[in-house]
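Student: If you scroll down you'll find the structure; I have some questions about it.
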Amino acid sequence: MNLATQQPSLASEVFVAPSAAIIGNVSLGHKASVWYGCVLKGDEGRITVGSHTNLQDGTVVRSATSNLGSQVSDTMIGSNVTIGHNCTLRSCSIADASLVGMDSTILEGVQVESGALVAAGSVVQPHTTVPAGQVWGGNPARYIRDLKPNEKSFMHKSAEAYCALGSDHVKSNR
């Protein structure tokens, strides 16, 4: 949906569910998928979603004026990222090959580094960095432990599986 002069930009083979809303300054990379009931609202800043990334049902992504400094901050989500069901992301950065578990909240200025995992139900406080290769969880989120090899493999497989599922939906709705 366009907003004034801002309009979404969708790369090839993107799946956007019919009940999802993509509003304003939003860019979706190749084979990204935005599932049912998601809202990506780029009305104050830019939202960028990388290739092969999935935002699962009910997730809300905003770029907004920060409460702490009245500066507009973009939301950047890398490639091969899984964002679980019902997450809220606000003016943050999620690097490539990361996973944010269901019902998590990622607040302003948070940086989730490449290959990090935020556990389901977590609240990551403003301006926190979740280092690469670590599991963080809780409210407020804190370091739990380093990722295990099977968890790293799962994160990769999760992004691949949703990419394939999104491709199936694209083909079914042509």
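Student: With label points built 7 Å along Cα→Cβ from the Cα atoms of K157 and A11, find their separation and express it in nm.
Tutor: Spacing of the two 7 Å Cα→Cβ label points: 2.5 nm.
Student: Let me ask something additional. How much of the DSSP beta bridge set in the range 102-168 is antiparallel, as a percent to the nearest 5?
Tutor: On the way: 5 of 11 bridges.
Antiparallel bridges: around 45 percent, rounded to the nearest 5.
Student: Cut-off under 12 Å on the C-alpha distance; same-chain residues fewer than 8 positions from K171 excluded. Which aspartates and glutamates are left, in chain and number order?
Tutor: Straight-line reach from K171, under 12 Å: E13.
Student: So if I take the centroid of the Cα atoms in the range 80-122 and the same for the range 132-170, what is the distance between those two points in Å?
Tutor: Rounded to whole Å, the Cα centres lie 9 Å apart.
Student: Using Cα springs under 10 Å in a Gaussian network model of the chain, which residue among A161, A116, A97 shows the largest mean-square fluctuation?
Tutor: A161
Student: Between Y36 and A21, what length comes free when the chain is fully extended (0.36 nm per residue of separation minus the Cα-Cα distance, one decimal in nm)? List each step's numbers first, then the result.
Tutor: Working: separation 15, 0.36 × 15 = 5.40 nm, distance 0.91 nm.
Separation in residues times 0.36 nm, less the Cα-Cα distance, equals 4.5 nm.
Student: Once you place label points 7 Å from the Cα toward the Cβ at V170 and E44, how far apart are they in nm?
Tutor: Result: 3.2 nm between the two label points.
Student: Follow-up. About its Cα centre, what dipole magnitude does the range 13-106 give when the only charges are +1 on Lys and Arg Cβ and -1 on Asp and Glu Cβ, stated in debye to the nearest 20? Don't skip to the answer; put the middle values down first.
Tutor: Values: 5 positive and 7 negative charges, 16 e Å.
In total the dipole reaches around 80 debye.
Student: What relative contact order, as a whole-number percentage, does the range 47-174 give when Cα pairs under 8 Å and 6 or more residues apart are counted? It would help to have the intermediate numbers written out before the result.
Tutor: Working: 348 pairs, mean separation 23.0, N = 128.
RCO, the range 47-174: 18 percent.
Student: Same structure again: Before anything else, pin down the relative contact order of the range 1-40: Cα pairs under 8 Å, at least 6 apart, normalised by residue count, whole percent. Let's see the in-between values first.
Tutor: On the way: 82 pairs, mean separation 17.5, N = 40.
Averaging sequence separation for qualifying contacts and normalising by length gives 44 percent for the range 1-40.
Student: Can you tell me the Rg and the Dmax, both Å, for the Cα atoms in the range 43-144?
Tutor: 12.0, 35
Student: Averaged per residue, what accessible area in Å² does the range 57-174 show with a 1.4 Å probe, protein chains only? Walk me through the intermediate numbers first.
Tutor: Details: 5680 Å² over 118 residues.
That works out to 48 Å² per residue.
Student: Before rounding to the nearest 500, sum -39500 (n - 2.57) across all DSSP H runs of length at least 4 in the chain and divide by the residue total; then give [θ] at 222 nm in deg cm²/dmol. If you can, show how the numbers build up before the last one.
Tutor: Numbers: 1 runs with 24 residues, N = 174.
Calculated from helices alone, the mean residue ellipticity at 222 nm is -5000 deg cm²/dmol.
Student: Can you list the aspartates and glutamates whose alpha carbon is less than 16 Å from that of K41, not counting same-chain residues fewer than 8 positions off?
Tutor: D57, D74, E108
Student: Something else now. Give the carbon-plus-sulfur fraction of the accessible surface of the chain in %, rounded to a whole number; probe 1.4 Å, heavy atoms of protein chains only. The partial results should precede the final answer.
Tutor: On the way: 4070 of 7960 Å².
On the chain, the fraction of accessible area on carbon and sulfur atoms equals 51 percent.
Student: Separate question: Using a Gaussian network model of the chain whose springs link C-alpha atoms within less than 10 Å, name the residue from S63, S158, S104 with the highest mean-square fluctuation.
Tutor: It is S158.
Student: While we're looking at this one, here's another question. Set the Förster radius R0 to 30 Å, insert the Cβ-Cβ distance between N139 and D57 as r into 1/(1 + (r/R0)^6), and round the FRET efficiency to 0.05. Walk me through the numbers on the way to the answer.
Tutor: Details: r = 22 Å, r/R0 = 0.72.
My answer for the efficiency is 0.85.
Student: Let me ask another. Using +1 on the beta carbon of Lys and Arg, -1 on that of Asp and Glu, and nothing else charged, what's the dipole of the chain about the Cα centre, debye to 20?
Tutor: Working: 12 positive and 13 negative charges, 29 e Å.
It works out to roughly 140 debye.
Student: Along the principal axes of its C-alpha atoms, what lengths does the chain span, in descending order and rounded to whole Å?
Tutor: Between the extreme Cα coordinates on each principal axis of the chain lie 44, 40, 20 Å.
The values are calculated or read from the model by the stated rules, or taken from the named source; none is laboratory data. Please read these numbers as outputs of a predicted model, since none were measured by experiment. Heads up, the Cβs are rebuilt from the backbone with ideal geometry, glycines too, and the neighbour counts pull from every protein chain shown. Only protein heavy atoms, including side chains, enter the accessible area calculation; ligands, DNA and RNA are left aside. Shrake-Rupley method; radii C 1.70, N 1.55, O 1.52, S 1.80 Å.
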